[in-house]
Amino acid sequence: METLLYKFHSALSNSLISTTTPSPKFRLHQVRFVSPHTPTSRRIFGMAQAAQNPVTQQQKVVIPNKYGEKLVGLLHETGSLEIVILCHGFRSSKEHRVMVNLAVALENEGISAFRFDFAGNGESEGSFEYGNYQREADDLRAVVQHFSTAHRVIGGILGHSKGGDVVLVYASKYHDIHTVINISGRYDLNCGIGERLGEDYMQKIMEKGYIDVNNKDGSVSYRITEESLMQRLTTEMDEACLHIDKDCRVFTVHGSADVIIPVEDAYEFAKIIPNHKLHIIEGADHVYTNHQAELVSAVLNFIKSCLQPDKVSTSI
């Protein structure tokens with residue numbers, strides 16, 4: 001297991017990463033000549049060609065999940081064979097800054113990306129549920145099958161916060177993805193509940209059968225049922241991690257200044273997942289407010305190292 005303590009000193013400005021940034025030309029710096037006739041080199045040359053001729057149009061795609069609900073996503077299509085699927089966090093959506101910036105950065109590198117809303121979130125159908133880790137893994141399964149059926153290669157699944165847990169649960173359950181990126185996921189799902197619901201949350205939910213979480217104006221933001229709470233409490237990330245295939249490459253990124261999910265959780269993932277790489281971004285908070293460029297750089301480097309085993313060198 002490899003741990004990288006990383007301080008980023010690039011001149012790249014965070015303002016360069018946004019939904020309106022045009023896709024730049026991609027320069028492929030090859031270490032050596034690669035024959036275009038092997039499967040590996042065909043992937044590399046395909047990515048280079050897609051990046052040199054980027055398709056900037058984003059396409060809305062609707063995919064039904066196994067429960068008959070329509071999942072809505074946005075495809076950043078570059079024409080690459082590979083596609084990376086991005087999963088948002090708790091009560092978030094595909095429009096979260098982390099999701100958008102990573103999708104655009106992948107697109108700029110010639111790698112297609114798909115960001116979507118889990119059921120009950122964003123534009124997707126369904127009702128929001130508090131726990132739902134297994135069901136969201138099933139949503140991800142529907143997305144993976146959709147693109148696999150279209151003869152695309154899933155180059156990786158990436159999740160932020162709760163989405164980080166979902167992609168790990170998926171990898172432990174389905175074993176068909178070999179590159180997984182966990183950004184700021186929580187290791188112990190029993191933690192973090194009291195801070196949000198109050199330390200007496202179990203007593204409250206046993207008395208009423210639910211807990212309403214209110215907005216600042218007193219209106220109900222969402223309801224937590226006893227069933228949905230138990231879905232979270234019975235999802236054991238340590239057990240899930242033990243069932244991830246050893247040939248599945250897992251990359252965990254975490255900010256050292258995260259107060260939502262402490263950085264210690266990332267070190268716990270590093271201890272238990274055998275084929276694991278850990279990358280700590282110094283000073284970053286849970287949503288990488290001032291560290292978007294560092295996050296993008298770390299994720300892109302890892303994905304490209306997995307998709308390009310001949311170590312094609314590129315720079316952002």
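Where a number appears in this text, it was derived from the coordinates with a stated rule and is not lab data. Everything numeric in this text was worked out from a predicted model, so none of it was measured. Methodologically, a virtual Cβ is constructed for each residue, glycine included, from the backbone with ideal geometry; neighbour enumeration extends over all protein chains shown.
So the values come out like this:
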item: Likely footprinting exposure, Lys277, Lys70, fewest C-beta neighbours within 10 Å first; result: Lys70, Lys277
item: Cβ-Cβ FRET estimate between Asn290 and Glu199, R0 fixed at 25 Å, reported to 0.05; result: 0.20
item: Proxy reagent accessibility, fewest Cβ within 10 Å first, across Cys306, Cys191; result: Cys191, Cys306
item: Listed residue pairs exceeding 22 Å between alpha carbons, taken from Lys173/Lys304; Lys162/Lys204; Lys94/Lys162; result: Lys173/Lys304; Lys162/Lys204
item: Three-way shape label, segment 213-260, alpha-carbon gyration tensor, a/c 1.5; result: oblate
item: Residue-span extension gain [Glu239 to Ala150] - 0.36 nm each, minus C-alpha spacing; result: 28.8 nm
item: Radius, Kirkwood style, for segment 193-234 when every pair of distinct Cα atoms is counted (Å); result: 10.6 Å
item: Local electrostatic count, Thr289, Cβ distance below 12 Å [Lys/Arg +1, Asp/Glu -1]; result: -2
item: Residue order, fewest to most surrounding Cβ atoms within 10 angstrom, among Thr149, Thr179; result: Thr149, Thr179
item: Potential extension, Lys70-Glu207 segment - 0.36 nm per residue separation minus Cα distance; result: 45.9 nm
item: Rg followed by Dmax, in Å, when segment 234-316 is reduced to its Cα trace; result: 14.1, 43
item: Cα gyration tensor shape of segment 97-225, rounded if a/c is under 1.5, else prolate or oblate by comparing a/b with b/c; result: prolate
item: Spacing of the two label points (7 Å from each Cα toward its C-beta) at Glu282 and Gln59, in nm; result: 4.4 nm
item: Protection proxy ranking, peptides 72-83, 157-168, 282-293, average beta carbon neighbours within 10 Å, highest first; result: 157-168, 72-83, 282-293
